[in-house]
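Data first, discussion second: the structure below is written as structure tokens.
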Amino acid sequence: MKVRTTRSRRGTVAAVLTLALVATVGTTLTGSASAADRTATEHRADGKVVATKTSAKPKLFDIGHHAGEPTIGFSRDGSLFYTAGAGCVTSCAGQPQMAETVTPGGRAVMMTPDNGKTWKNVSPGLPDQGASPHVFSLDPMLFVDHNSDSDRVFDIDLNAACAELSYSDDHGATWITNPLACGEPVNDHQTLFSGKPTTTAAVTPLYGKILYYCYNKLEYTKCSKSLDGGLTFIDTTGLTNPPCSGLNGHGVTDSKGWIFLPYTGCGNAPTIAMSKDEGDTWQILTVPGEKVNGGDPSVAIDKKDNVYFLWDDADRKVKLATSTNHGTSWSKPLDVTAPGVKVTDLATLTVGAPGKVAIAYLGTTSDEKKAFWNGYLASGVGVLGKSPTFYSASINDPKHPLKATGGSNTDCGPGRCGRILDFLDVEIAPNGAPWGAYVDACYATCEKTGVESYADNEGMAGTLVGGPRLNR
């Protein structure tokens, strides 16, 4: 597998091409605004810019590995884990890059202990890649769970008929592997999350939580649960709600252990499936009068059980609604898109202290089909109040976009976005800073010509420095 360094992406070659790129961007593609001001824009909902005393500056890091639809998680000491799958199947059918799906080392768990400065491959099976239990991946997924006395890193990769689940309690130094969902030929778009027991009398004392694994079965979502921290799983009741497909987003639980699983394809309405009994029965919650325009909606819950729900709406703007009563009713949805951004895709969120959220998405300042796209990261404060404030920035320098569309290029949504694939991820670090996981699908040649390559898919992680702390 070819690993591209930061120098090759942004160094000598980029310097030589700078003048040509500026001219080309201005004449061939729109949506790549000036990068002169790299401070986050402070704004209200609906894009009204405001002046405050707090500012935040974006910072982006190359993880040193190819990636697609990345997920991330923090341990309590601040180490950031990033799952990086280099392969592609449906997004690059017939292209040489399909081989990376089954190439040893084509998928990896990367870790940085120092806020993105250095990255280390801590994948299951290292240092002998040939012995990796994760031979290839059709869908990579990572989840970092905070137990009472340790942090457990879960790594899941789908193959044709199973999912390889490995977990580590020592930051990836050693792993335990357990295949699951075997004999299920369609197990796509998986999510892994944990919660407090609600109906189970006994959970293994060594772990203390229930681990849930849900995945797409095309016509419905199937879930299973583990009572022993991922060693064994038992099936729960599947979601077979007729208006909905099986395409679910990433699940979460509240302080009671209730499950909240976001859905797409439910009559195009923003939808959450909720279970109070560990997945035995389900209730469907929707935000009235709203529409989702492709992609996975995203849900998060704070320590007071306030629910935060995010989606790309029918106008392809980022919408946020909240509920203080477990989804029985919702606040008026807010447009939290950064000022100047015309079209968005793959919006996702997480929550820290009550009323404080982190949001990541892709966006372009152009309303033309032929455009450059950037990654956006935002911190939101006072979200439960009447006048929340958001600090939004393009995480990449817009002179170096993450995606190009139009012409022969692949589309960026609604939903899938070329080699970036189906979703991004966002988390809050122990120091309260937001971090997003992105993919650079537009290298130097793409920047110059506006024509993407299937070989362009570098994993990137970004943060906002100097903004509000979101965990307190």
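The values are calculated or read from the model by the stated rules, or taken from the named source; none is laboratory data. Note that the structure is a prediction, hence the values are computed from the model and not measured. FYI the Cβ positions are ideal-geometry reconstructions off the backbone, even for glycines, and counts take in every protein chain you see.
Among the residues of the stretch 238-268 satisfying the criterion of being part of a strand (DSSP E or B) and touching a Cys at 6+ places or on another chain (Cβ under 7 Å), which is modelled with the lowest pLDDT? By that ranking, first place goes to 248. Considering only residues in the stretch 205-221 that are under 23 Å from the mean Cα position of the chain (by Cα) and at pLDDT 85 or above, the one that is farthest from residue 162 (Cα to Cα) turns out to be 210. Within the option set 282, 373, being at pLDDT 95 or above and crowded, with 20+ Cβ neighbours inside 10 Å holds for one residue only, 373. Residue pairs whose Cβ atoms lie under 7 Å apart, separated by 6 or more positions or on different chains, with the first residue in the stretch 409-421 and more than 11 Å from residue 440 (Cα to Cα) and touching a residue at least 40 places away in the same chain (Cβ under 8 Å) and the second surrounded by fewer than 24 Cβ atoms within 10 Å (Cβ to Cβ) and among the hydrophobic types (A, V, I, L, M, F, W, C), are 409/451.
Filtered by the rule that a residue be among the small types (Gly, Ala, Ser) and either surrounded by fewer than 22 Cβ atoms within 10 Å (Cβ to Cβ) or at pLDDT below 85 (or both), the stretch 173-194 gives 173, 181, 183. When every residue of the stretch 107-126 is checked against the conditions, none turns out to be on the phi < 0 side of the Ramachandran plot and at pLDDT below 65.
Can you find a residue that is surrounded by 22 or more Cβ atoms within 10 Å (Cβ to Cβ) and under 21 Å from residue 47 (Cα atoms) anywhere in the stretch 418-433? No, every residue in the stretch 418-433 fails to be surrounded by 22 or more Cβ atoms within 10 Å (Cβ to Cβ) and under 21 Å from residue 47 (Cα atoms).
Whether any residue in the stretch 396-408 is more than 22 Å from residue 379 (Cβ to Cβ), within 15 Å of the chain's Cα centre (by Cα) and not in a loop (DSSP other than H, G, I, E, B) is what I want to check. No, the stretch 396-408 has no match at all. Within the bounds of the stretch 346-365, is there any residue that is of a type in the set (D, E, K, R), touching a residue at least 12 places away in the same chain (Cβ under 8 Å) and within 21 Å of residue 415 (Cα to Cα)? No: zero hits.
Restricted to the stretch 359-377, and to residues there that are over 15 Å from the mean Cα position of the chain (by Cα) and of a type in the set (Val, Ile, Thr), the residue that is farthest from residue 310 (Cα to Cα) is 365. Against the list (1) small (Gly, Ala, Ser); (2) surrounded by fewer than 24 Cβ atoms within 10 Å (Cβ to Cβ); (3) not in a loop (DSSP other than H, G, I, E, B), the condition residue 358 fails is (2).
Could you tell me whether the stretch 321-336 includes any residue that is surrounded by 24 or more Cβ atoms within 10 Å (Cβ to Cβ), touching a residue at least 60 places away in the same chain (Cβ under 8 Å) and assigned to a loop (DSSP other than H, G, I, E, B)? For the stretch 321-336, residues surrounded by 24 or more Cβ atoms within 10 Å (Cβ to Cβ), touching a residue at least 60 places away in the same chain (Cβ under 8 Å) and assigned to a loop (DSSP other than H, G, I, E, B): present.
Candidates are the residues of the stretch 36-50 that are within 16 Å of residue 396 (Cα to Cα) and surrounded by fewer than 16 Cβ atoms within 10 Å (Cβ to Cβ); the one that is modelled with the highest pLDDT is 39. Restricting the stretch 296-314 to residues that are in contact with a Lys or Arg (Cβ under 8 Å, 6 or more places away or on another chain) and not acidic (Asp, Glu) leaves a set whose member that is surrounded by the most Cβ atoms within 10 Å (Cβ to Cβ) is 311.
Restricting 455, 461 to those that are modelled with pLDDT of 95 or more and either assigned to a strand (DSSP E or B) or small (Gly, Ala, Ser) (or both) reduces the list to 461.
Say whether the condition of being in contact with a strand residue (DSSP E or B) (Cβ under 9 Å, 6 or more places away or on another chain), of a type in the set (D, E, K, R), over 30 Å from residue 220 (Cα atoms) and modelled with pLDDT of 85 or more is met by at least one residue in the stretch 148-159. Yes, that holds for at least one residue. The numbered conditions (1) more than 19 Å from the chain's Cα centre (by Cα); (2) part of a loop (DSSP other than H, G, I, E, B); (3) not hydroxyl-bearing (Ser, Thr, Tyr) are all true for residue 447 except (2).
Exactly one residue out of 397, 425, 411 is charged (D, E, K, R), touching a Gly at 6+ places or on another chain (Cβ under 9 Å) and over 30 Å from residue 324 (Cβ atoms): that is 411.
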